[in-house]
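The values are calculated or read from the model by the stated rules, or taken from the named source; none is laboratory data. Just so it is clear, the model here is predicted, and its values are computed rather than measured. Cβ placement follows ideal geometry from the backbone for every residue including glycine, while neighbour counts extend to all protein chains displayed.
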Amino acid sequence: MAINNAEMLRLIDSISRDRNVDKESLFSDIEQAMVSAARKHYNALDTDEFTSEVDRLTGQIRVWRGEDEIDLDDLGRIPAQTAKQVMIQRFREDERASIYNEYIDRVGELTTGMAQRYEGGSLVVSIGRAEGFMPRSEQIPGEQHQPGERVRCLILDVRDAGNQVKIVLSRGDELFIRRLFEVEVPEVAERIIEVKAMAREPGHRTKIAVSSIDSKVDAVGACVGVRGSRIKNIVDELGGEKIDIVRWNESSQILIQNSLKPAEVVEISLCFELGRATVVVNEDQLSLAIGKRGQNVRLAARLTKWDVDILTPAEFTKSLDVLEACLKTIDGLDEEQIDKLAALGVISVFDLEEVGAPYLEETLGMDEELAERMVETASVRAKEVAEEQAKEKEEAERNRQQEEAQRASMPGEAQAASVLGAILPGSQSGDIVDMLENRQSEQADEAAGEEAATEEEATPDDAGNAEASGDEAAEADADADKQTSTETA
């Protein structure tokens, strides 16, 4: 087993530098490999019987069996192959441990890598001397990366999976947005502006609540930047994902109001027992508050940690009226207790059924029997209200289907007016319907005018024809008279 000591030292130095592995670990690996080779040569089972040492300066390798030194030239080809395999295996283990130790400390950091390929929906990204993978669940929906494309992502997790290190990357996690703000907004990185809460639906919309510890720094303005320069960079990195920056407030009512912007809120009723916020908005603000497919209110609920219900003033008043009418049928319950329930955020028979009798006993100071009677009465009324709401929903759905069927059978302009009437507010839709009717009337008048003009043009010819017919009749009469006179003579 001939070994070039200088070449071995050069290779160890190169491996240690390129793969970031401790040089001492590599020397230990060689020593362990030589012990394995000696055991293989002598068919020994006791590992303590053999020892090995590598001189760190000269690279000389020495092996002992007990106190007797073994000549390396006596070891044959098979022990040498064994030593090689052991060294390769140990080197790979050291490299894997080095990668794990390096990246486990970088969990939660931003990194920029190079897209390599897709494997089963997961994107493989080269980051430094390792490869990470981005599962489909951590990708932004609709985003597609080409091989060789630079990808900015978050190191989400690092796992030691036996024979390899799995580095999980993400672009869909909320922490990815936070790190982007730290990069683009220096005040966030310096902790002058604090990100208090965040809610995100990757690829669609993000709401982020911020506050400033410095009264001279406007948290929202600093995050937006001059003419939106800072937030634009973040939006571009996310492929156009909408970002709502919300001003944080310790008051839950103000925070919920801010989180629902740009919708204007009329009133907010909080029920701390249920963790529910009932938000009242005007009819024209309802769709804005709810958002497309409920996205705005859903993100606001996740941001504020409240279960948010959106109602119109009419629905809110109706709910209170039903609750009040239900409770007035119970003996021993006064107006003050009913008003206190509403102040506590219990605004419907459903809420009263959900909070339960023990809560009523504690907050209203009533006896157990009365509290249970209230809950039982509310439960019965809640079932009735649920049935009524189901019927109203069915009726509304039936009317909608009938209107669609009617619109489908209408002429083009009337159908357009009907569709616009369903989309636009009443006054605007009425104006458009009137406009279409006026247009139809004008077209009818124009048609009538054209017909009248045609009749006027035809009148002189008809008069000439009538005159010609009269002359012909007079001549015929004169000829008849002449013929009669001739016959008489």
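Details
- The condition of being within 25 Å of Glu388 (Cβ to Cβ), modelled with pLDDT under 90 and not hydrophobic (A, V, I, L, M, F, W, C) holds for Glu353.
- Residue match in the range 65-80 (condition: under 24 Å from Asn20 (Cβ atoms) and touching a Ser or Thr at 6+ places or on another chain (Cβ under 9 Å)): no
- Of the helices (runs of 4 or more DSSP H) lying entirely inside the range 1-104, those containing at least 3 residues that are touching a residue at least 40 places away in the same chain (Cβ under 8 Å) and more than 58 Å from the chain's Cα centre (by Cα) are 23-42.
- A search for C-beta distances below 6 Å between a residue of the range 190-217 that is more than 24 Å from Glu237 (Cα to Cα) and at pLDDT 95 or above and any residue that is in a strand (DSSP E or B) and not β-branched (Val, Ile, Thr), counting only pairs 6+ apart in sequence or on different chains, returns nothing.
- Pair list, Cβ under 6 Å, 6 or more apart: the range 105-127 residue in contact (Cβ under 8 Å) with a residue 24 or more places away in the chain, other residue among the acidic types (Asp, Glu) and surrounded by fewer than 17 Cβ atoms within 10 Å (Cβ to Cβ): Ala115/Glu149
- A count restricted to the range 352-361 and to residues that are surrounded by fewer than 23 Cβ atoms within 10 Å (Cβ to Cβ) and either under 19 Å from Glu315 (Cβ atoms) or not hydrophobic (A, V, I, L, M, F, W, C) (or both) stands at 6.
- Restricting the range 359-376 to residues that are under 41 Å from the mean Cα position of the chain (by Cα) and among the acidic types (Asp, Glu) leaves a set whose member that is nearest to Gln337 (Cα to Cα) is Glu362.
- Looking across the range 110-158 at every residue that is outside any strand (DSSP E or B) and among the small types (Gly, Ala, Ser), the one that is surrounded by the most Cβ atoms within 10 Å (Cβ to Cβ) is identified as Gly128.
- The set of residues from the range 186-241 being under 15 Å from Gly172 (Cβ atoms), assigned to a strand (DSSP E or B) and of a type outside the set (Val, Ile, Thr) comprises Met198, Ala199, Arg200, Glu201, Arg205.
- Sole residue being over 24 Å from Asn163 (Cα atoms), of a type in the set (A, V, I, L, M) and modelled with pLDDT under 80, chosen from Leu45, Leu9: Leu45
- Test: Glu250 is in contact (Cβ under 8 Å) with a residue 60 or more places away in the chain and of a type in the set (D, E, K, R): no
- Restricted to strands (runs of 3 or more DSSP E) entirely inside the range 251-326, those with at least 1 residues that are of a type in the set (Asp, Glu) and out of contact with any Cys (no Cβ under 7 Å at 6 or more places or on another chain) are 267-271, 307-311.
- Checking Ser319 against (1) more than 30 Å from Glu264 (Cβ to Cβ); (2) at pLDDT 90 or above, the condition it does not meet: (1)
Here is a yes/no grid of residues against (1) touching a helix residue (DSSP H, G or I) at 6+ places or on another chain (Cβ under 6 Å); (2) surrounded by fewer than 14 Cβ atoms within 10 Å (Cβ to Cβ); (3) assigned by TED's automatic domain parsing to the domain that holds Ser126:
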residue	(1), (2), (3)
Arg10	no, yes, no
Ser16	yes, no, no
Phe27	no, no, no
Ala37	yes, no, no
Leu45	no, yes, no
Glu49	no, no, no
Val63	yes, no, no
Gly66	no, yes, no
Met87	yes, no, no
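- Pairs with Cβ under 7 Å, 6+ apart, first in the range 391-410 and in contact (Cβ under 8 Å) with a residue 40 or more places away in the chain, second in a helix (DSSP H, G or I): none
- Residue in the range 325-342 that is more than 20 Å from Lys383 (Cα to Cα), surrounded by 13 or more Cβ atoms within 10 Å (Cβ to Cβ) and in contact (Cβ under 8 Å) with a residue 60 or more places away in the chain present: yes
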